[in-house]
1. For region 44-66, state whether one or more residues are at pLDDT below 75 and of a type in the set (Asp, Glu).
2. Determine the pairs where a residue that is under 15 Å from Asp75 (Cα atoms), located within region 47-59, has a partner that is of a type in the set (S, T, N, Q) with Cβ atoms under 7 Å apart, the partner being 6 or more residues away or on another chain.
3. If Val25 satisfies every condition in (1) modelled with pLDDT under 75; (2) in contact with a Phe, Trp or Tyr (Cβ under 7 Å, 6 or more places away or on another chain); (3) of a type outside the set (Gly, Ala, Ser) but one, which is the exception?
Amino acid sequence: MAVKLKVLDEHGHHAVRVWINDKAVAAVFPKNQSARDLTHSIDPAKPVELQAGWNKLLLRYDHVWGENKIGLEVDAPPEVLWSLKFSPQT
């Protein structure tokens with residue numbers, strides 16, 4: 001199934017990268033920046049595919065300055081969201 005992911009972050013300078021099942025989710029860069037620059041995130045408009053069963057999600061947050069808060073919103077139709085289960089791993 002496909003879902004959209006949206007990073008919920010605060011003002012500041014940071015980078016957010018996401019991997020699902022050890023595969024990097026495509027990054028989107030602000031205008032006039034490249035992959036070498038630190039400020040980038042995932043594209044909330046581009047769906048990511050989840051496989052049947054458990055999926056491993058890794059979120060890396062590189063904080064430089066500003067608010068130190070991060071979240072991740074999963075966007076999908078209600079019938080998809082209600083079928084998902086989440087479990088943290090430390």
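1. no
2. none
3. Every condition holds for Val25 apart from (1).
The values are calculated or read from the model by the stated rules, or taken from the named source; none is laboratory data. Everything numeric here is computed off the predicted structure, so don't read it as measured data. Cβ atoms come from the backbone with ideal geometry, glycine included; neighbour counts cover every protein chain shown.
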